[in-house]
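Take a look at the structure below.
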Amino acid sequence: MKLLLLNGPNLRLLGTREPGIYGRFTLADAEALARETAARLGAELDCFQSDVEGELVSKVGAARGVYDGIVINPAAYTHTSVALRDALAAAELPAVELHISNTHRREAFRHVSYTAPVCVAQLMGFGLTGYALAVEGLVALIQGGAR
Ligand code: DQA
């Protein structure tokens with residue numbers, strides 16, 4: 001089983017970015033935890049982060065036929081990107097939308113997700129642990145035949 005972990009804009013700043021909201025762990029910590037979790041479950045995981053919307057859209061667009069599922073933290077593009085939503089819909093792969101913070105406890109503009117309706121599941125508010133939980137959940141969903 002091959003999985004893709006995508007992280008969106010500003011997540012490369014994890015560790016120093018608003019630590020009261022996102023904690024002190026780095027993107028490398030999150031990717032390592034996701035990779036370890038995948039390996040423990042017999043899956044392979046590729047990781048990619050970009051601040052550029054089009055690069056994320058292209059990665060999702062190239063995922064079909066290569067990956068069995070996607071974990072994506074679209075970051076701010078969650079709340080704005082029709083293009084990312086359309087890419088996820090076109091990919092026809094099970095995707096889990098992940099957020100470090102509980103966006104429903106934050107500003108109203110973060111309560112809307114353009115991408116959640118085209119994902120099989122959404123996970124938020126677990127901080128670093130969410131990266132392990134999302135991979136574990138995605139593997140279980142794929143094994144259960146999720147699309
Ligand atoms: C985030 C939540 C988004 O609202 C925000 O724009 C981010 C990170 C999270 O992981 O909690 O950049 O996706």
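The values are calculated or read from the model by the stated rules, or taken from the named source; none is laboratory data. It should be emphasised that the depicted structure is a prediction, and the values quoted were computed from it without experimental measurement. Here the Cβ is made from the backbone with ideal geometry for all residues, glycine too, and neighbour counts use every protein chain on show.
Worth pointing out:
- The selection criterion, being under 23 Å from Arg24 (Cβ atoms), surrounded by 14 or more Cβ atoms within 10 Å (Cβ to Cβ), away from the ligand (no atom under 11 Å from the Cβ) and among the polar types (S, T, N, Q), holds for Ser50.
- Any hit, the range 74-96, residues being touching a helix residue (DSSP H, G or I) at 6+ places or on another chain (Cβ under 6 Å), part of a strand (DSSP E or B) and farther than 16 Å from Ala43 by Cβ: no
- Residue within the range 29-47 that is under 18 Å from Leu123 (Cα atoms), within 12 Å of the ligand (Cβ to nearest atom) and crowded, with 16+ Cβ neighbours inside 10 Å present: yes
- Sole exception among (1) in contact (Cβ under 8 Å) with a residue 60 or more places away in the chain; (2) more than 16 Å from the chain's Cα centre (by Cα) for Gly69, by number: (2)
- For the range 99-116, the criterion of a residue being touching a Ser or Thr at 6+ places or on another chain (Cβ under 7 Å) and either under 16 Å from Tyr22 (Cβ atoms) or in a helix (DSSP H, G or I) (or both) is satisfied by at least one position.
- Scanning the range 31-47 turns up no residue that is modelled with pLDDT of 95 or more, more than 20 Å from Leu138 (Cα to Cα) and assigned to a helix (DSSP H, G or I).
- For Phe25, the test of being part of a loop (DSSP other than H, G, I, E, B), surrounded by fewer than 19 Cβ atoms within 10 Å (Cβ to Cβ), touching a Leu at 6+ places or on another chain (Cβ under 7 Å) and not small (Gly, Ala, Ser) is passed.
- Answer residue from the range 69-111, given it is closer than 23 Å to Leu141 by Cβ, within 11 Å of the ligand (Cβ to nearest atom) and among the aliphatic types (A, V, I, L, M) and is surrounded by the fewest Cβ atoms within 10 Å (Cβ to Cβ) among those: Ala75
- Candidates His79, His104 - the one that is more than 17 Å from Leu14 (Cβ to Cβ) and touching a His at 6+ places or on another chain (Cβ under 8 Å): His104
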